[in-house]
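The values are calculated or read from the model by the stated rules, or taken from the named source; none is laboratory data. From a predicted model like this one, the values you see are computed outputs, not experimental measurements. SASA here: full protein model, heavy atoms, side chains in, ligands and nucleic acids out. Shrake-Rupley method; radii C 1.70, N 1.55, O 1.52, S 1.80 Å.
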Amino acid sequence: MLAGAALYIVGTIGVTIACNVPLNNRLATLYPQGADAACRWEEYVAKWTAWNHLRAAASLAAAAALTIALQV
């Protein structure tokens, strides 16, 4: 149960707070018609998607660990 909780807290909530939210905040300041908007959007999508995949994997691993803990 401890491993599942740690995976959830660090891998899901922690990644959201430390990585996805700052990326979203930077995107919110972007001027869409600006000269560098396309480059910044491509950078945002690549980074956000990578962190989101990690977050999804951590959520699945946490769910698996907590499910196994219920069976033991």
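Here are some notes:
- Base-10 log of normalised Debye intensity for the chain (one unit scatterer per alpha-carbon) at q = 0.28 Å⁻¹: -1.12
- Counting protein heavy atoms only, the chain has 72 percent of its accessible area on carbon and sulfur, 1.4 angstrom probe.
- Reciprocal mean inverse distance between Cα atoms of the stretch 32-72 - Kirkwood radius, Å: 12.5
- Degrees separating the helix 37-71 axis from the principal Cα axis of the chain, which is the longest one: 10
- Å² of accessible area per residue within the chain, as computed with a 1.4 Å probe and no ligands counted: 71
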